[in-house]
Amino acid sequence: MRPEPVTSPAEEEDDEIDLMALAGVLWGGKWIVISVTLLALVLGAAYYVISPRGYQATSLVQVQPQSAGFAAATAVQDLFGTSTSPIEGEVAIMGSRYILGQAIDKLNLDWVAAPLRFPVIGRAIEAGRIPDMPGLIPTAYGREGDAISVTALQVPPSWIDQQILLTDEGNGAYVLTLPDGSSAKGKVGVPLADTARGYALLVSKLDGITGRKYVIERKTRDEVMQSLQQKFSVSENPKGSNMLAATYSDNSPDRAQAILAAITQAYVAQNIDQSSAEAQKSLSFVQSQLPQAKAAVEKAQQALANYQDKHKTVDLSYETQALLTAQGNLQEQLNQLNLQQASMSTDYTVNHPVYQALLQKKKELKAQIADLQKQMDRLPQAQKAVLDLTSNLTVAQQSYVGMLSKVEELKVLSNGAVGNVRIVDAAQASSIPVSPRHLVIVLAGLLGLILGAGIVLGRHALTTGLRGAEEIERLGLPVFATIGHSNLTLAKRGARGTWPILAVRDPDDPAVEAIRSLRTSLHFGMLDAKSKAVLLTSAAPAAGKSFIAINLAVTAAQSGQKVCLVDADMRRGCQRHYLGLPRGTPGLAEVLAGDVTLDAALVQGPTEGLDCLIAGRFPPNPSELLMRADFTRLLETLNERYDLIILDGPPTLAVTDPVIISRSVAATIAVARHLETMAGAIQAVQKSFQSAGARLTGAILNDFRAEKTRYGYGQGYAYNYRYSYRSKRGAD
């Protein structure tokens, strides 16, 4: 029997992605995908239930370009060169440690007072998302509705970040367990203090049952500040609108709203204080200049009066009066610039563009005054003298009156400062939590689906065993049969006592039907063969060749053929287990050694027409016995008596016995186990026979599981087979 081999190239690879093949892989591992997805959904739902809810409070603050409320304020800003901070600066101020520190001090955020929480699910129990379980959760842990309020708290530095445990004793009484291990008793509404230890406490409210425990703790300011900075955010929204949108997130909506309100109020108060301080600074400067301005007016008045007394009254002409008025106006502007320059010198350097612009304006005014002065120089001497004195008096009076007006304006601004920011939307927290969302459950399920698919595809990629008969055919070997998996065989494999023969125990099993198909193929394929013997071998133990050999022998005998089953594995043959024979029963080894005759060693099989020759006692030299002429004569004798001879040989990669036996048989068939035997192992078996001048006739794919069928073919393998007398019983 020499069928023509399949000519498909052994190393051919398909680089295309077969979507149907991947779908088949996923369908084969559908229960893994479903299980992982359900597990992920359960974990996602559990996370949603036990995780603390996050609430967000929002507020909106407007930053006005100029201080609101008084027109005089705008004039003062023009006079002294003050301006509002850029919006980026206001964002930085609102999120500064100074502003957040005001909120910490106002709300005592560095105090912690809360019921003792049960591990992991404590918040969910307090929120009522998990029902109370009195028998499982001790009374000491907080439940829904429990609350504690602390009005005063003082602890020594060594107790900061140390917990004080409060136990409710009922009727408003409680017991403190202090960080130093001592205890103290107190009552709600009554201050509790110990000056020697340096602590003081006032509990104003305690809602709970007797035995409930509460945790009181003083946190470090830096820790609380860092927490606030992480939960608070502020930005200009929309851009360029001068509107600051502030948000704060917390596990309690009331707490989030209170903290954000404290932050925005501290920011507004700081802005008002800043505006008031600027106005007060300007007021102080102007008031310091008043005495000098008043003295200048008095001096100018006296000079004019003295001149008029000496020269009698001299009236000014219309032209002279116009020159005097123009000079007074220019001088008043110059005086204002001088005041502005004096105030600006504390905030700007001489090289600053704003300061340089002021100096340029002063230069232009001085040039105009100089032109007027030239016109005045051409007047008559008397007119010129009166003009000068009158001009000096007018300028001095205008400067003095202007400064008095500014003083009144600055007093109003200082006492009624409102700043340049206002709260448009006060802090408000939504009752709908922003985290976690229901979407987390959907995402968990999606992640589980992806993970499950990844596990299935990963197993597929890492599996190096044969995934289908087509892989064997790619090696150039025809596949005579694909035998399905049988639970009965798997359950009895390796057990003590008699092993079940599937063709006898369950003849309707699909695996038996596949073996019948193999029987038919062998029958017609060996019609013209000189020998009636078929050798079954494998690459390594546990491929199932002994299972196929006994069931093939039974089905062949059931078809009316006279069959002889020979256990040619004289190292660890196991056919005696199927036949229920005890250890030491004579067999092939004794026949080849001449200790017993063939007829004495043959035993009746489980069905009529089947004789069996077991391996017998395991000899120390099985290869030498098979190489003797006695083995060839034995097969010739069996050829004369039987229609079919099935030899159950040892694994090829472990010993050379199958190569020796193959010289005397009509066909040599390799048995491969689905997903366990690797393609490289079958190639190695081929090379073993080719090196000895023999060849494999074909192969059988055993233990095929349709639900685990893999598609796509990956090359690359490694194997290491051991075949010894101490191998696990029944592994073949």
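Rule-based calculations on the coordinates, nothing more; no lab input. Just so it is clear, the model here is predicted, and its values are computed rather than measured. Here Cβ is always computed from backbone atoms with ideal geometry, including for glycine, and neighbour counts include all displayed protein chains.
Quick notes on this structure:
- Gyration tensor (alpha-carbon) shape descriptor, segment 157-249, a/c threshold 1.5: prolate
- Cα gyration tensor category, rounded, prolate or oblate, for segment 433-532 with a/c compared to 1.5: prolate
- Cβ crowding within 10 Å, taken as a proxy for footprinting-reagent exposure, orders Tyr174, Tyr98 from fewest neighbours to most as Tyr98, Tyr174.
- Ranked packing of 531-538, 25-32, most packed first, by mean Cβ within 10 Å: 531-538, 25-32
- In segment 477-708, Cα pairs under 8 Å separated by at least six residues give a relative contact order of 31 percent.
- 3J(HN,Hα) couplings calculated from phi for segment 420-430 with the Karplus curve 6.51 cos²θ - 1.76 cosθ + 1.60 (θ = phi - 60°) are, in sequence order, 10, 10, 8, 7, 7, 10, 5, 4, 8, 9, 7 Hz; Gly and Pro show x.
- For segment 477-708, the square roots a ≥ b ≥ c of the C-alpha gyration tensor eigenvalues yield an a/c under 1.5, which makes the shape rounded.
- Net +/- balance of residues flanking Arg117 in space, Cβ distance below 11 Å, scoring K and R +1, D and E -1: +1
- Considering only segment 477-708, percent of DSSP beta bridges that pair antiparallel, nearest 5: 5
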